[in-house]
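Everything on this sheet refers to the single structure shown next.
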Amino acid sequence: MKVRIKFSKTGPLKFIGHLDMMRFFQKAIRRADIDVTYTTGFSPHQVMAFANPLGVGLESTGEYFDIEVNSYTTMAEMKDKLNQVVVPGVEILDVCLLPDDAGNAMASVAAARYRISFREGMEPCADWESRFASFCEQETIPATKTTKKSVLEIDIKPSLYEWQILPDHSIMLFLNASSSGTGNIKPAMVLETFFKAEGIEFDPYCLCITRIDTYTDLGTEDAHRFVPMNEVGTSC
Amino acid sequence: MNQNTTQKLALTDDILLAIEKPARYIGNEVNAVIKDKEKIDIRMAMCFPDVYEIGMSHLGIQILYDMLNHYEDTWCERVYSPWVDLDAIMRERHIPLFALESQDPIKDFDFLGITIQYELCYTNILQILDLSDIPLEAKDRTWEHPIVIGGGPCTYNPEPIAPFFDLFYIGEGETRYRDLLDLYKKCKAEHKSREEFLLETARTIPGMYVPQFYDVTYKEDGTIESFTPNKEGVPATITKEMVTDLTHTTYPEKPVVPFTKITQDRVVLEIQRGCIRGCRFCQAGQLYRPVREKDVDTLKQYAVTMLKNTGHEEISLSSLSSSDYSALNELIEFLIEDCDKRRVNISLPSLRIDAFSLDVMSKVQDVKKSSLTFAPEAGTQRLRDVINKGLTREDILNGSIEAFKGGWSRVKLYFMLGLPTETEEDIAGIAELSNEIAAAYFETVPKEERSNGSIQIVASTSFFIPKPFTPFQWARMCTKEEFLDKASLTRKAIMTQLNQKRIKYNWHEADASVMEGILARGDRKIASVILSAYKKGCFYDAWGEYFKNDVWMETFAECNVDPDFYTVRERSLDEIFPWDFLSCGVSKDFLKREWLRATTEGVTTPNCRLQCQGCGANQYGVGVCTEGRS
Ligand code: SF4
């Protein structure tokens with residue numbers, strides 16, 4: 001049986017990298033005595049898959065990973081047991097049972113929502129809010145995407161599903177995060193493109209980024225229906 | 001669980017994002033202990049002066065951390081050497097060194113305890129003090145500064161670093177901290193001076209060495225003339241502290257579990273302390289006498305509890321010679337059964353290779369991927385007798401043949417170069433033994449079964465470094481040139497072997513070994529060299545890429561200290577050594593006897609279980625000394 005776990009990662013924990021978080025949860029699952037399924041062989045591993053790696057320095061209230069379990073009592077109990085063995089800065093927000101046909105965690109990721117604010121004194125310019133608005137409203141937003149293998153010229157407009165400037169002067173972005181194709185857009189990249197368009201030098205450190213949640217798409221290519229990744233599961 | 005996400009950090013985001021592995025500095029790990037500052041009397045920082053991944057792997061600190069935090073009036077935290085990247089930033093921005101749990105400056109603590117596990121960390125001790133803004137020399141400290149305590153194996157010759165410490169705790173940490181803390185509280189309450197506190201410590205608490213209360217005078221030839229207390233009531237000899245009941249002593253059931261991968265990323269079960277063997281080069285084998293075992297049922301309970309509390313996926317046993325633990329079979333069988341249920345790996349320490357250990361090893365590891373390890377230390381039986389290493393050629397060959405039959409085809413061999421009385425024949429013996437093992441493989445395993453790419457032998461040599469409190473403390477150490485010649489002789493000898501293509505040879509760096517040799521048997525005169533070398537930028541000497549031999553040698557010259565005095569000089573039997581005022585239980589007479597048996601007679605000495613040698617450690621009246629002998 002497959003179980004999906006939603007957690008938050010905040011405060012000092014933002015400095016813990018993705019691989020260390022995986023190790024952290026492998027040990028947490030042992031401490032919590034969860035009847036997780038292991039692979040066979042000389043060094044058995046837990047059957048575990050993370051949805052969308054979070055970069056060092058980012059906080060999140062919507063992280064997910066899936067595990068395979070042999071038995072359980074209730075999802076609520078599993079959540080409790082896990083919350084008793086984590087450290088401050090990590091909180092298990094939800095544990096749900098996935099239907100048998102649920103896709104794997106990483107392939108299911110379709111979109112992510114982020115809140116971005118500038119560190120004090122590091123705003124790009126005084127009127128950045130209106131400039132950012134017109135930046136987002138363009139027909140196309142050309143950008144350069146650098147991956148390990150290539151440098152691509154892409155248009156990020158189709159992947160910028162929603163944007164908003166909140167009353168507290170932070171930016172809310174809802175972005176394509178599917179791992180297929182060139183669709184996956186990181187929030188820093190949007191801001192970097194904006195800075196470049198404004199002719200301002202970009203230092204990624206100026207941003208404080210929180211991933212609000214991660215979503216899967218229950219709709220179609222043309223009519224998306226994004227829901228948080230835990231909503232495909234059941235909570236009993 | 002209470003989610004306290006607003007915990008402050010000593011380092012700002014820009015720093016933490018700019019340095020390597022910020023996880024080293026944010027604390028917050030599973031099982032780290034957080035206390036309310038308002039409700040405790042004593043703040044203690046325990047330090048391992050090397051990088052986090054190394055320091056966190058050390059069992060001793062985990063034991064003391066756990067013990068001290070069980071005291072209601074004490075909060076013990078951890079601190080390690082900031083890596084070079086952060087070190088530079090902290091100096092530039094004047095950020096004081098902080099403890100991981102509270103992120104508070106070390107300078108505000110009552111005690112800073114530093115465990116000193118190897119000589120090449122001496123400059124890192126100064127780094128810790130410096131970054132903490134604590135005067136490097138004890139004489140410049142006031143009540144404004146923590147009491148700086150040294151502990152660990154290097155304190156059995158504390159003299160090279162004596163000026164940097166307020167006091168050294170000689171022996172095992174479990175026994176006297178409570179007394180020390182109580183005396184501290186009393187002295188503080190009575191508004192005693194710092195010096196009065198140290199004096200009362202030296203006078204009343206066993207195992208405490210306060211360097212400032214001892215004077216050394218030297219003879220014209222540079223050796224020690226006298227070493228005496230300069231205050232009344234301070235003991236002339238300090239005897240090591242030792243845990244007498246290892247089963248019922250304190251042990252961490254909830255060790256701290258780091259986020260980042262560390263060297264010892266597993267549950268460590270200490271099964272015994274000490275070693276019955278008495279290899280003559282080995283310092284640990286003398287320092288921790290007599291052997292004391294932990295009860296096997298207690299160990300089983302610890303294994304289960306610690307695995308549960310940490311979530312580690314691996315467990316290993318810790319001791320100097322696990323094969324000598326009397327209930328080893330029972331313990332390992334329990335672990336195999338229990339760990340298999342929990343999908344926990346067992347990482348076995350190097351066991352003596354025999355039918356039992358091969359059977360066990362084949363159960364817990366993939367024989368095709370794992371290797372057999374032998375530490376003959378010397379190439380010929382003659383030299384192995386000199387060093388009292390019981391392992392014979394037959395043991396090694398028979399063990400290997402059994403292992404080859406079981407599917408193993410990788411062998412690791414460890415040797416030392418530069419041992420007392422070593423000749424070219426002994427060096428050739430290293431190559432010959434390696435060759436014989438390869439030949440045994442070809443004889444044992446038929447061609448069609450050599451599935452795993454045939455036999456691979458890795459022979460490694462380190463350079464012999466004489467250490468205090470060993471029978472070889474009188475020995476002359478080789479020069480760098482001699483060491484390198486010996487390594488090249490070894491390489492050539494291996495190249496002439498029939499099976500040389502199957503043998504890979506590794507040897508250690510010679511400069512760092514010589515440096516370690518100088519510091520190991522150094523005296524107080526070396527302290528000024530260490531201080532100057534540190535000020536010239538030497539630290540992380542244990543890390544090859546940061547060890548600056550030329551700076552060190554230049555500093556010796558500037559300070560007018562001859563490094564050869566500590567290494568290549570012949571020592572007479574009646575020389576007073578800088579560490580003679582300490583006692584680890586083993587008498588100097590016994591060590592002398594062993595030195596002569598080695599060098600003039602070349603005969604071995606039976607181990608403690610076969611026959612007591614009257615080494616002196618029976619004064620503790622525990623462990624192997626009180627066992628009935630068969
Ligand atoms: S007194 Fe005898 S039994 Fe005890 S440690 Fe020394 S040699 Fe071994």
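Inspect all residues belonging to the stretch B:268-281 and state whether any of them is open to solvent by 20 Å² or more (accessible area, probe 1.4 Å), closer than 28 Å to B:A138 by Cβ and under 18 Å from the mean Cα position of the chain (by Cα). No: zero hits. Among the residues of the stretch A:65-77, none qualifies, meaning not one is of a type in the set (A, V, I, L, M), touching a residue at least 40 places away in the same chain (Cβ under 8 Å), away from chain B (no Cβ under 14 Å) and within 26 Å of A:I185 (Cα to Cα). Scanning the stretch B:196-223 for residues that are touching a residue at least 12 places away in the same chain (Cβ under 8 Å), outside any strand (DSSP E or B) and more than 19 Å from B:L181 (Cα to Cα) yields a count of 5. Restricting the stretch A:153-169 to residues that are touching a helix residue (DSSP H, G or I) at 6+ places or on another chain (Cβ under 9 Å) and part of a loop (DSSP other than H, G, I, E, B), which is surrounded by the fewest Cβ atoms within 10 Å (Cβ to Cβ)? Checked the stretch A:153-169; the qualifying residue surrounded by the fewest Cβ atoms within 10 Å (Cβ to Cβ) is A:H169. Looking across the stretch B:575-630, just one residue is within 9 Å of the ligand (Cβ to nearest atom) and of a type in the set (D, E), and that is B:E627. Which members of the stretch B:135-148 meet the condition of being surrounded by fewer than 24 Cβ atoms within 10 Å (Cβ to Cβ) and outside any helix (DSSP H, G or I)? Within the stretch B:135-148, B:P135, B:L136, B:E137, B:R141, B:T142, B:W143, B:E144, B:H145, B:P146, B:I147 qualify. For the stretch B:240-263, which positions are open to solvent by less than 20 Å² (accessible area, probe 1.4 Å), closer than 20 Å to B:I26 by Cβ and among the β-branched types (V, I, T)? Answer for the stretch B:240-263, where residues must be open to solvent by less than 20 Å² (accessible area, probe 1.4 Å), closer than 20 Å to B:I26 by Cβ and among the β-branched types (V, I, T): B:V256, B:V257, B:T260, B:I262.
For the stretch A:175-202, taking the residues that are modelled with pLDDT of 90 or more and among the small types (G, A, S), the one that is nearest to A:A143 (Cα to Cα) is identified as A:A197.
Go through the stretch B:135-184 and give me each residue that's of a type in the set (D, E) and closer than 23 Å to B:Q286 by Cα. Please lay out each step first, then the result.
Going through the stretch B:135-184, the residues of a type in the set (D, E) turn out to be B:137, B:140, B:144, B:159, B:166, B:172, B:174, B:179, B:182.
Selection gives B:E159, B:E172, B:E174.
Would it be correct to say that B:E293 is more than 14 Å from chain A (Cβ to nearest Cβ), open to solvent by 30 Å² or more (accessible area, probe 1.4 Å), over 30 Å from B:I465 (Cα atoms) and out of contact with any helix residue (DSSP H, G or I) (no Cβ under 7 Å at 6 or more places or on another chain)? Judged against the criteria, B:E293 is not a match. Scanning the stretch B:287-315 for residues that are under 17 Å from B:P258 (Cα atoms) and small (G, A, S) yields a count of 1.
In the stretch A:18-32, what residues are under 20 Å from B:T310 (Cβ atoms) and either open to solvent by less than 10 Å² (accessible area, probe 1.4 Å) or touching a residue at least 24 places away in the same chain (Cβ under 8 Å) (or both)?
Our first condition is that a residue be under 20 Å from B:T310 (Cβ atoms); within the stretch A:18-32, this holds for A:19-32.
Of everything in the stretch A:18-32, those that are under 20 Å from B:T310 (Cβ atoms) and either open to solvent by less than 10 Å² (accessible area, probe 1.4 Å) or touching a residue at least 24 places away in the same chain (Cβ under 8 Å) (or both) turn out to be A:M21, A:M22, A:F24, A:F25, A:K27, A:A28, A:I29, A:R31, A:A32.
Remark: pairs (first residue in the stretch B:387-407, open to solvent by less than 60 Å² (accessible area, probe 1.4 Å) and outside any loop (DSSP other than H, G, I, E, B); second residue modelled with pLDDT of 90 or more and of a type in the set (S, T, N, Q); Cβ separation under 7 Å; 6+ apart in sequence or on different chains) = B:I401/B:T444; B:F404/B:T444.
The values are calculated or read from the model by the stated rules, or taken from the named source; none is laboratory data. Fair warning: this is a prediction, and the values are worked out from it, not measured in the lab. For neighbour counting, all protein chains shown are included, and Cβ atoms are generated from backbone atoms with ideal geometry for every residue, glycine included. Accessible surface areas use protein heavy atoms only, side chains included; no ligands, DNA or RNA. Shrake-Rupley method; radii C 1.70, N 1.55, O 1.52, S 1.80 Å.
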